[in-house]
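Inspection log for the structure reproduced underneath, given as structure tokens.
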Amino acid sequence: MAKHVYIKTFGCQMNERDSEIIEQLLAGSGYIGVADPGSADLILLNTCSIRAKAEQKVYSLLGQLREEKSRRPGLRIGVAGCVAQQEGEEIFRRMPHVDIVLGTQQIYRLPDILASLEKGDTQRELAVDMEQDFAIPPFQKLLRGDGRRPPSPAGTNCDYKKFVTIMQGCNNYCSYCVVPSTRGREISRPVADILEEARLLVAQGVREITLLGQNVNSYGRTNPVATQPVSFAGLLRQVAAIPGLARLRFTTSNPRDLSEELMQCFADLDNLCPQLHLPVQSGSNRILARMNRKYTVETYLDRVAALRRYRPGIALTTDIIVGFPGETDEDFEATMELLRTVRFHGSFSFKYSDRPNTRSAGFADKVPEEIKSARLQRFQQLQDEISLERNKEYIGKTVEVMVESCSGQEVKGRTATNHVVHFCSDRQPAAGEQLAVRIVHAGKHSLRGEPAARGQERTRPGPHETSGGHR
Ligand code: 5AD
Ligand code: SF4
């Protein structure tokens with residue numbers, strides 16, 4: 001008899017992709033994904049610990065599940081991902097109703113773990129080892145199945161756009177970041193595995209692929225992934241060449257490692273979308289040094305200028321931390337100045353949060369909470385104004401929109417620059433279909449358009465055009 005699994009995913013795209021892999025692994029053990037935890041035999045939380053708040057959310061949800069478990073003792077509860085890796089045994093101590101704690105390198109073992117729980121070989125399982133010579137297994141074989149689309153039973157997965165993990169972990173050791181301890185050292189997947197997975201996805205109808213890694217620019221540098229070394233730019237070119245792949249993106253890049261070779265790809269590859277998320281974190285060189293980011297504001301601005309030369313109209317987004325220990329008013333003003341200079345299309349901004357096993361957690365000069373909140377609010381307000389201005393630059397232009405979903409006549413899609421566009425259509429286009437849309441209205445977070453005649457879309461804006469913003 002089929003069993004039901006409910007997976008709740010927190011955090012980044014890496015986790016989203018891991019949840020998909022887990023779902024596919026479990027499909028092989030007879031599990032069907034469900035959207036309602038009440039009907040699940042297994043509830044799995046795939047967790048994030050990037051900031052204290054993300055971790056608190058996990059514990060509070062686990063607390064709520066205690067009652068569910070006492071009503072249904074057969075229910076199994078698992079915690080995977082970064083909180084599982086970070087907390088380990090502590091999760092069992094605080095939440096005794098949890099059955100499985102699954103670290104970031106251990107997700108591939110889940111079917112075996114479930115089998116031994118079922119056989120009664122073990123009561124609960126703690127699997128959080130981090131192996132020195134860990135290699136991401138060639139899980140793309142899981143997608144092969146009988147040649148049909150991979151199962152997406154929970155109905156949450158998009159069938160026309162997918163993430164492909166190219167590496168895991170991070171060796172950068174930014175002083176505030178928990179990732180090196182939750183995801184381990186940097187490990188690249190072999191080129192052949194990545195290409196096989198990407199080709200399979202495209203053969204199954206996927207139109208857009210985003211290559212994922214904590215620091216994609218250092219792909220292939222830290223462990224041998226091929227007999228011939230391949231740079232990230234080299235990998236990108238090989239993926240871009242897969243026939244039928246309409247759109248290619250990648251995330252995340254560290255500004256420090258953004259090479260000319262990589263930026264050249266934006267000029268050469270038509271299906272590489274004119275969009276880049278390039279986290280800067282702060283506009284103050286003093287703070288960047290304390291963050292151990294290993295670049296300066298000047299280097300960052302040079303890279304931004306170069307990117308705009310290679311691909312005019314490229315939409316840039318960023319991440320900002322406000323209230324890093326020791327951040328003065330002057331440092332914060334430098335961040336505001338950077339925002340005014342670059343005029344990011346959008347940004348994700350966060351109050352600094354102490355994390356376990358990080359250097360900055362030990363810094364003495366913490367910024368008070370109210371100052372952090374006030375700075376965050378000022379930053380976000382300016383970003384909103386800039387995003388709106390950026391979005392208005394789109395009005396009157398015809399852009400190519402890839403359809404995401406339809407509700408009646410209302411269609412939602414995205415431009416190559418990753419802006420959300422809403423428009424009305426008499427017929428319901430299929431998800432993944434690309435349509436020409438003329439932009440008629442701009443809001444802070446999205447654009448509104450109307451269908452335009454075919455052939456009018458400009459996939460690559462001319463040198464004098466800039467595109468709108470997104471968050
Ligand atoms: N506190 C606040 N924000 C953080 N980020 C990472 N670590 C922390 C932290 N300790 C932010 C960074 C990163 C994004 C994913 O989360 O901006 O780019
Ligand atoms: Fe969260 Fe970072 Fe882990 Fe992603 S890698 S889930 S953002 S802590």
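Could you tell me whether any residue of the stretch 289-298 is within 26 Å of LEU195 (Cα to Cα), among the hydrophobic types (A, V, I, L, M, F, W, C) and crowded, with 20+ Cβ neighbours inside 10 Å? Taking every residue of the stretch 289-298 in turn, none turns out to be within 26 Å of LEU195 (Cα to Cα), among the hydrophobic types (A, V, I, L, M, F, W, C) and crowded, with 20+ Cβ neighbours inside 10 Å. The single condition among (1) within 16 Å of ligand 2 (Cβ to nearest atom); (2) of a type outside the set (Phe, Trp, Tyr); (3) in a strand (DSSP E or B) that ILE77 does not meet is (1). Quick check on THR318: is it part of a helix (DSSP H, G or I) and within 19 Å of ASN254 (Cα to Cα)? Considered against the rule, which asks whether it is part of a helix (DSSP H, G or I) and within 19 Å of ASN254 (Cα to Cα), THR318 comes out as no. Of the residues examined, SER70 is not one that is more than 29 Å from GLU369 (Cα to Cα), open to solvent by 30 Å² or more (accessible area, probe 1.4 Å) and in a loop (DSSP other than H, G, I, E, B).
GLY81 meets the conditions (1) at pLDDT 95 or above; (2) at positive phi; (3) surrounded by fewer than 21 Cβ atoms within 10 Å (Cβ to Cβ); (4) not hydroxyl-bearing (Ser, Thr, Tyr) in every case but one. The failed one is (3). With respect to ASP18, is the statement that it is among the charged types (D, E, K, R), open to solvent by less than 60 Å² (accessible area, probe 1.4 Å), in contact with a helix residue (DSSP H, G or I) (Cβ under 9 Å, 6 or more places away or on another chain) and within 17 Å of PHE139 (Cβ to Cβ) true? Against the criterion (among the charged types (D, E, K, R), open to solvent by less than 60 Å² (accessible area, probe 1.4 Å), in contact with a helix residue (DSSP H, G or I) (Cβ under 9 Å, 6 or more places away or on another chain) and within 17 Å of PHE139 (Cβ to Cβ)), ASP18 qualifies.
Please determine whether any residue of the stretch 232-251 is within 16 Å of ligand 1 (Cβ to nearest atom) and closer than 15 Å to LEU278 by Cβ. Checked against the condition, which is being within 16 Å of ligand 1 (Cβ to nearest atom) and closer than 15 Å to LEU278 by Cβ, the stretch 232-251 yields at least one hit. Total residues in the stretch 25-38 satisfying the condition of being surrounded by fewer than 19 Cβ atoms within 10 Å (Cβ to Cβ) and in contact with a Ser or Thr (Cβ under 9 Å, 6 or more places away or on another chain): the figure is 1.
Scanning the stretch 204-217 for residues that are in a strand (DSSP E or B) and under 18 Å from VAL230 (Cα atoms), we see that the one that is farthest from the chain's Cα centre (by Cα) is LEU211. Looking only at residues of the stretch 177-203 that are open to solvent by 20 Å² or more (accessible area, probe 1.4 Å) and not aliphatic (A, V, I, L, M), we find that the one that is nearest to the chain's Cα centre (by Cα) is CYS177. Of the residues making up the stretch 100-140, those that are assigned to a loop (DSSP other than H, G, I, E, B) and either open to solvent by less than 60 Å² (accessible area, probe 1.4 Å) or at pLDDT 95 or above (or both) number 12. Taken as a whole, the structure leaves LYS3 outside the set of residues that are within 16 Å of ligand 2 (Cβ to nearest atom) and surrounded by fewer than 18 Cβ atoms within 10 Å (Cβ to Cβ).
Rundown of residues vs (1) more than 16 Å from ligand 2 (Cβ to nearest atom); (2) in a helix (DSSP H, G or I); (3) out of contact with any Asp or Glu (no Cβ under 7 Å at 6 or more places or on another chain), yes/no style:
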site: ALA364; (1), (2), (3): yes, no, yes
site: VAL367; (1), (2), (3): yes, no, no
site: LEU382; (1), (2), (3): yes, yes, yes
site: GLU389; (1), (2), (3): yes, yes, yes
site: TYR394; (1), (2), (3): yes, no, yes
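The number of residues in the stretch 314-359 that are more than 15 Å from ligand 1 (Cβ to nearest atom) and open to solvent by 10 Å² or more (accessible area, probe 1.4 Å) comes to 10. For ASN223, are the conditions met, namely being within 21 Å of SER175 (Cα to Cα) and touching a Ser or Thr at 6+ places or on another chain (Cβ under 8 Å)? Criteria not met by ASN223.
Of all the residues in the stretch 176-196, those that are away from ligand 1 (no atom under 16 Å from the Cβ) and part of a helix (DSSP H, G or I) number 6. Taken as a whole, the structure leaves PHE266 outside the set of residues that are modelled with pLDDT of 95 or more, crowded, with 19+ Cβ neighbours inside 10 Å and within 11 Å of ligand 1 (Cβ to nearest atom). Please verify whether the stretch 39-54 includes one or more residues that are away from ligand 2 (no atom under 16 Å from the Cβ), modelled with pLDDT under 95 and open to solvent by 20 Å² or more (accessible area, probe 1.4 Å). Yes; the residues of the stretch 39-54 include at least one that is away from ligand 2 (no atom under 16 Å from the Cβ), modelled with pLDDT under 95 and open to solvent by 20 Å² or more (accessible area, probe 1.4 Å).
The values are calculated or read from the model by the stated rules, or taken from the named source; none is laboratory data. Just so you know, these numbers come straight off a predicted model, no measurement behind them. Every residue, glycine among them, receives a Cβ derived from its backbone with ideal geometry; neighbour counts consider all protein chains shown. Remember, those area values only see protein heavy atoms, side chains included, never the ligands or the DNA or RNA. Shrake-Rupley method; radii C 1.70, N 1.55, O 1.52, S 1.80 Å.
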